[in-house]
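Have a look at the structure below, then the notes.
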Amino acid sequence: MKKVYARPLWCMNCHLCEVNCIVAHSRSRDLFRAYKRENLRGTARVIVEERLPLSVAVQCRHCDDPACVAGCISGAMVKDPATGIVYCQEDKCVGCWTCVAACPYGAIQPGEKNGRPLPLKCDLCRETGEPACVAGCPNRALVWEERRAGA
Amino acid sequence: MKYVLIGNSVAAVNAVAGIREYDNEGSITIVAAENHYAYGRPLISYWLEGRVPNAAMPYRPQEFYAQNNASVLLGRRAIKLDPVAREVSLDDGTGLPYDRLLVATGGRPFVPPIKGLTPDNYFTFVNYDDVRRLEAVATPGREAVILGAGPTGLKAMESLVQRGVQVTLAELADRIWAPALDPEAAALVAGFLQDQGVKLYLNDTLASVRGMAGGRLELQLQSGREMTADILVIAIGVRPNVELLEGLPGVTINRGIMVGPDLSTGLPGVYAAGDVVAGNPPLLPHAAIQGKIAGRNMAGASETYQPLSPYNALGFLGLHIISMGNSAATGDEYDILKEIDPVTRIYRKLVIKDKHLVGALFLNKLDRAGLYRRLLEEGTDVTPLQDELLQPHFGLLSLPEEVWQQWLVE
């Protein structure tokens, strides 16, 4: 499957991937409205780690046998058999955070949206087509491509 | 190939998915003791609170069964297994022949003998039907006593508090959820519960119950303490439902069913998964993974179940806990790293033994919890990471470069 791969040597630590992620998952798809009206600041589904001069955007690896799906108590977290995308059916999530404990990359963070629990994890922008973090990365530090396992 | 799955909870549903990865042809029959399609058991407290409606209870959508060509016999119990004829008898007299059988019968609440206890004066907190019964009586202003302050008792407490019930927890151990919380963490949680108006009696348990006029109960604790209540909930653990395999030659039962690394039981074609398996912590993620692997193996794969350390995420009344491995450990044989803020009730603790992370506990600050679990599961030497482990920026980049480079391309 096509996944997002991070290339730390190209990462400029600009955090635009986080911003674009938030906008892509907003109702308005507008930066100002997403932050100021929809109150989505802090809900990025990608984590930019910094260990300067190194930085890297870490996100869900869409595992073959996802521990978050196995751990989900409500059945909200699923892996789409057709696309391989691991995503949360947000209306089914109860916010127990077993997925947070499960993820071998620490790539799921507990979050909240409009008073409802929201596991912050990458869904490869399944509703829009192309991952916004990749589209907006100014230095191709994030790429979206098919690679062979272990490549 | 005929597959019969006894049990219709998380292990069985994952077994269906596992079977279908290898076999699209064979027939799958699920025998479900309850009259409900599979639901995540931990959801029952959310249902009682009103946070999860009936429609959101199912673990998988209704189409799941049709899509996987699995038929479900609701409200049926398997009562006898003939491993030679390879047939299971159900409580309605039908016989189900099988080529591969999964025993995923789970567990049932343990109810100790207590003077005066009768089936109609207490509740358990495991099944959908348990909370349906509780819903009728858990009304604002009533008083409940919950026996057991482990995860089940705590979730029962939360849902009853949210319904306006005054709750008292009685726990035989010297602290809340003793297998997961060390004394310091348990004290933080106890303080939190006190602030929420929940009463807690430790080192104490129920000695006798007596029904009084008007439906109230008179309870006497072992310490001699007496109290009255409207509702009694018993939540002190579960026992595996092993009856179907009891006494059959080739099967070993040691509280649960003993299984091989491929989750086979010793009877030809018979596998077991989930809470019924000996030595398996009765936890949902473990049941899901075992069910998936058992299903695959039943359909011809040869996968090994790697025993997984217990891990648990538990939230109640706004407090969140993640525990993994030997999270309650104390003592000189361990190196323990800690971060504590009593005001925000943040507690983060890592337990290191012989260079390896063997336990972790996080209260109210769950950042990157899964990363610690991976270090624990993989037996990574964490000595070089000691100074980094509890730093706020701890992440992949804290690990050796060859490790994070590899993880990024997985």
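Here the label points at B:LYS80 and B:THR330, each 7 Å from Cα along the C-beta direction, are separated by 5.4 nm in the simple model.
Based on the Cα gyration tensor of the stretch B:243-314, what are the three equivalent ellipsoid semi-axes, each the root of five times an eigenvalue, rounded to whole Å and given largest first?
On the way: eigenvalues 80, 50, 15 Å².
Semi-axis lengths for the stretch B:243-314 are 20, 16, 9 Å.
Remark: mean inter-chain Cβ contacts per residue of A:6-14 equal 1, using a 10 Å Cβ-Cβ cutoff to other protein chain atoms. When a/c is below 1.5 the answer is rounded, else prolate if a/b is larger than b/c, else oblate, so apply that to the stretch B:10-165 with a ≥ b ≥ c taken from the square roots of the Cα gyration tensor eigenvalues. Since a/c reaches 1.5 and a/b is larger than b/c, the shape of the stretch B:10-165 is classed as prolate.
A full extension of the chain between B:VAL409 and B:LEU117 corresponds to an added length of 99.3 nm, given 0.36 nm per residue minus the alpha carbon distance. Arranged from fewest to most other beta-carbon atoms within 10 Å of their beta carbon, B:ILE236, B:ILE321 become B:ILE236, B:ILE321. Full extension of the chain between A:LYS36 and A:LEU52 gives 2.8 nm of extra length, using 0.36 nm per residue less the Cα-Cα distance. Footprinting exposure proxy ranking of B:GLU226, B:GLU303, fewest other C-beta atoms within 10 angstrom first, gives B:GLU226, B:GLU303. Comparing B:GLY318, B:GLY141, B:GLY291 in a Gaussian network model of chain B where C-alpha atoms under 10 Å apart are linked, the largest mean-square fluctuation is found at B:GLY318.
Given a Förster radius of 25 Å and the C-beta distance between A:CYS14 and B:LEU390 as r, what FRET efficiency does 1/(1 + (r/R0)^6) yield to the nearest 0.05? Before the final figure, lay out the partial values.
Working: r = 28 Å, r/R0 = 1.11.
E(calc), rounded to 0.05, equals 0.35.
Looking only at Cα atoms, what is the convex hull volume of the protein assembly as shown per residue, in Å³? Before the final figure, lay out each step's value.
Numbers: hull volume 92.9 nm³, N = 561.
Expressed per residue, the convex hull around the Cα atoms of the protein assembly as shown is 166 Å³.
Summarising the strand pairing of the protein assembly as shown, around 70 percent of its internal DSSP beta bridges are antiparallel.
Of the beta bridges in chain B, as assigned by DSSP with both residues counted there, near 60 percent are antiparallel.
PRE reach from B:LYS199 (point 7 Å along Cα→Cβ): which of the stretch B:126-155 fall under 15 Å by backbone N? Residues B:141-148 fall inside that zone. Each Lys and Arg adds +1 at its Cβ and each Asp and Glu adds -1 at its Cβ; summed about the Cα centre, the protein assembly as shown shows a dipole of about 1080 debye. Shown for the protein assembly as shown: cysteine residues without a partner Cβ closer than 4.7 Å, namely A:CYS11, A:CYS14, A:CYS21, A:CYS63, A:CYS72, A:CYS88, A:CYS93, A:CYS96, A:CYS103, A:CYS125, A:CYS137. Here is the list for the stretch A:73-151: trypsin sites (Lys or Arg not before Pro) lying in DSSP coil, each with at most 16 other C-beta atoms within 10 angstrom of its C-beta, are A:ARG126, A:ARG140, A:ARG147, A:ARG148. The distance between label points at A:THR128 and B:GLU243 comes to 5.6 nm (points 7 Å beyond Cα on the Cα→Cβ vector).
Rule-based calculations on the coordinates, nothing more; no lab input. This is a predicted model, so every value here is computed, not measured. Every residue, glycine as well, gets a Cβ built from its backbone with ideal geometry; the counts of neighbours run over all protein chains shown.
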